[in-house]
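J.: Structure below; questions to follow.
The values are calculated or read from the model by the stated rules, or taken from the named source; none is laboratory data. Model, not experiment: these values are computed from the prediction. FYI the Cβ positions are ideal-geometry reconstructions off the backbone, even for glycines, and counts take in every protein chain you see. The area values use the complete protein model at the heavy-atom level, side chains included, leaving out ligands, DNA and RNA. Shrake-Rupley method; radii C 1.70, N 1.55, O 1.52, S 1.80 Å.
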Amino acid sequence: ETGVTQTPRHLVMGMTNKKSLKCEQHLGHNAMYWYKQSAKKPLELMFVYNFKEQTENNSVPSRFSPECPNSSHLFLHLHTLQPEDSALYLCASSPTGWAQYFGPGTRLLVL
Amino acid sequence: AQSVTQPDIHITVSEGASLELRCNYSYGATPYLFWYVQSPGQGLQLLLKYFSGDTLVQGIKGFEAEFKRSQSSFNLRKPSVHWSDAAEYFCAVGGNTGNQFYFGTGTSLTVIP
């Protein structure tokens, strides 16, 4: 248990659906991250927030929309996804940017 | 280009045997190096990290890693493996921005009795 929680843990959605992933940490960390983990591929950094401000967007398609309303919560809004977006989506937080504490992930399946 | 290579996709060891997981990196500046472990259904847990100083670093769960600049390697070792060590292990390299991590594709470890 790292102190980073993610909901839901599993999600199945159609390509026309809209859904949101939630990440929460009460560790007092200032930085929060979204990663995508696909089989046989390195983890892909998607978004970074520092003090609620987005500082990184690694060429992520606009069908993924992050939101960071406060330093404890991070959302990933999903709409009109493609089957290739099926993956494990990991949230992480960090006090410094170095030691990243990961949540358990949301397993997403797009049909 | 920045990258991390974990040449072993899958390793099987007997319980009580020693373990070494390989990691090679390519990075244009001073590397900051990390090892993470991921158990089934879980997120990644930081095992250890190297920033500078002593090239042999100790981590949690009895793991250690050695930074060898000349070989661009950061191999993970454990003298005696326990069944609970079965998991996926990821090596990562980062820079001084703190926000950019480059992960390897992981090594899956199976421990047999």
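J.: Looking at B:92, B:65, B:29, which is the one that is modelled with pLDDT of 95 or more and either assigned to a strand (DSSP E or B) or surrounded by fewer than 17 Cβ atoms within 10 Å (Cβ to Cβ) (or both)?
T.: That would be B:65, the only listed residue that is modelled with pLDDT of 95 or more and either assigned to a strand (DSSP E or B) or surrounded by fewer than 17 Cβ atoms within 10 Å (Cβ to Cβ) (or both).
J.: Could you list, in sequence order, the residues of region A:10-26 that are within 14 Å of another protein chain (Cβ to nearest Cβ) and loosely packed, with under 13 Cβ neighbours inside 10 Å?
T.: Once the filter is applied, which keeps residues that are within 14 Å of another protein chain (Cβ to nearest Cβ) and loosely packed, with under 13 Cβ neighbours inside 10 Å, region A:10-26 yields only A:10.
J.: Of the conditions (1) away from every other protein chain (no Cβ under 14 Å); (2) open to solvent by 60 Å² or more (accessible area, probe 1.4 Å), residue A:85 clears all except one; give me its number.
T.: (2)
J.: For region A:37-54, what are the residues that are surrounded by 14 or more Cβ atoms within 10 Å (Cβ to Cβ) and in contact with a Phe, Trp or Tyr (Cβ under 9 Å, 6 or more places away or on another chain)?
T.: If the condition is that a residue be surrounded by 14 or more Cβ atoms within 10 Å (Cβ to Cβ) and in contact with a Phe, Trp or Tyr (Cβ under 9 Å, 6 or more places away or on another chain), then A:37, A:42, A:43, A:44, A:45, A:46, A:47, A:48, A:49 are the ones that fit.
J.: Identify the residue in region B:95-113 that is modelled with pLDDT of 95 or more and more than 14 Å from chain A (Cβ to nearest Cβ) and, among all such residues, is farthest from residue B:8 (Cα to Cα).
T.: In this case the residue turns out to be B:112.
J.: For the list (1) aliphatic (A, V, I, L, M); (2) open to solvent by less than 50 Å² (accessible area, probe 1.4 Å); (3) at pLDDT 95 or above; (4) more than 24 Å from residue B:111 (Cα to Cα), I need the number of the one condition that residue B:56 fails.
T.: It is condition (2) that residue B:56 fails.
J.: Is there a residue being farther than 23 Å from residue A:36 by Cα and not in a strand (DSSP E or B) anywhere in region B:95-109?
T.: Of the residues in region B:95-109, the ones farther than 23 Å from residue A:36 by Cα are none.
Within region B:95-109, none of the residues are farther than 23 Å from residue A:36 by Cα and not in a strand (DSSP E or B).
J.: Do you know which residues across region A:52-77 are among the basic types (Lys, Arg) and in contact with a Cys (Cβ under 9 Å, 6 or more places away or on another chain)?
T.: Within region A:52-77, A:52 is the sole residue that qualifies.
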